[in-house]
1. Let me check I've understood the local charge: for GLY128, count other residues with C-beta under 13 angstrom from its C-beta, Lys and Arg +1, Asp and Glu -1. What total comes out?
2. Provide the per-residue ³J(HN,Hα) series for segment 66-74, in order, calculated from phi with Karplus coefficients 6.51, -1.76, 1.60 and θ = phi - 60°, each as a whole number of Hz, with x at glycine and proline positions.
3. Using a cut-off of 14 Å between beta-carbons, work out the net charge of the residues near GLY156 (Lys and Arg +1, Asp and Glu -1, GLY156 not included).
4. Counting Lys and Arg as +1 and Asp and Glu as -1, what is the net charge of the other residues whose Cβ lies under 11 Å from the Cβ of ARG231?
5. Quick one: Cα centre-to-centre distance for segment 112-128 and segment 167-214, in angstrom?
6. Rank these residues by their accessible area, most exposed first, probe 1.4 Å: ASP37, ASP69, ASP265, ASP103.
7. At 1.4 Å probe size, with every protein chain present, just tell me what the per residue accessible area of the chain comes to in Å².
8. Calculate how steeply helix 54-64 sits against the longest principal axis of the alpha-carbon atoms of the chain, using the helix alpha-carbon long axis, and give the answer as 0 to 90 degrees to the nearest 10.
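The values are calculated or read from the model by the stated rules, or taken from the named source; none is laboratory data. Bear in mind the structure is a predicted one, so any value in this text is a computation, not a measurement. When we count neighbours, we look across all protein chains shown, and the Cβ atoms used for this are built from the backbone with ideal geometry, even at glycine. Surface accessibility is based on the protein's heavy atoms, side chains included, excluding ligands, DNA and RNA. Shrake-Rupley method; radii C 1.70, N 1.55, O 1.52, S 1.80 Å.
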Amino acid sequence: MSAIEMTVPGSQASVREDGGNRAAPPLRRVLAQTRFDATAMLRNGEQLLLTVILPLFVLAGLARSGVVDLGAGRRIDLATPGVLALALISTSFTGQAISTGFDRRAGMLRLLGTTPLGRSGLIAGRLGAVAVVSAVQVVLLGAVGLALGWHPALAGVLPALAVGVLGSAAFVSLGLLLAGTLRAEAVLAAANLIWILLLAGGGVVLAAGQLGPLGDVVRWLPSGALGDGLRASLAHGEWPWFDLAVLTAWAAAGTAATVRWFRWDS
């Protein structure tokens with residue numbers, strides 16, 4: 001006679017009537033981890049400040065103030081793609097680096113790596129959470145941009161999606177590399193400092209072409225490629241092939257470096 005199974009509330013395992021238990025299917029484990037991480041990110045006040053509130057302030061400031069020269073074109077059409085790039089960096093890089101760094105210090109990564117979820121499932125779950133939170137950011141910031149008069153080029157939606165996915169992949173890999181090689185306190189300081197530097201002169205909200213001689217360097221950075229790529233897509237409806245190539249190279253290099261040097265415990 002086959003054993004009767006039931007699911008234990010709040011767990012990812014099934015318990016059989018004969019006292020045995022087994023892990024849930026891999027996809028279910030990953031989806032559970034995705035839901036847990038996404039909920040934790042959206043409920044964390046510091047994460048919300050970084051990923052939603054600050055980008056909203058930047059969008060409103062750029063749209064309504066003429067202090068910063070965004071270049072030729074309608075300000076809101078140039079500001080919104082830049083702020084979307086900033087929001088993606090906040091979630092994919094800064095937020096992911098800080099949370100992973102402190103989870104690593106607390107031993108959570110090593111603990112979860114020994115469960116049926118495994119290391120690959122943990123990484124997949126975190127990538128899924130980044131995708132969920134990024135989608136929420138795009139919808140929210142896009143709605144605010146539309147309310148402020150943003151007119152995105154519909155022909156640029158598909159290329160913008162490609163730029164966003166590659167940009168997020170590049171910054172997630174760099175965030176994990178930072179979290180897996182430095183102490184948690186150093187990760188916190190470095191991730192926040194890099195976010196500020198990229199906002200000020202990384203080609204995110206200001207196009208590389210607006211940065212003078214620095215722009216020749218910035219256009220090769222993942223931040224510059226992400227910002228310029230989204231502006232070219234959503235403001236002009238173009239396929240930004242150069243920016244896509246730069247982001248692909250950074251994503252590949254960041255992933256290879258993370259696989260090589262990431263440490264699961266401190």
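1. Charge balance in the 13 Å sphere: +3.
2. With the stated coefficients, segment 66-74 comes to x, 5, 9, 7, 8, x, 6, x, 5 Hz.
3. Local net charge: -3.
4. Summing Lys and Arg as +1 and Asp and Glu as -1 gives -4.
5. When both Cα centres are located, 25 Å separates them.
6. The residues order as ASP69, ASP265, ASP103, ASP37, largest area first.
7. Per-residue value: 49 Å².
8. So the helix axis and the longest Cα principal axis differ by about 20 degrees.
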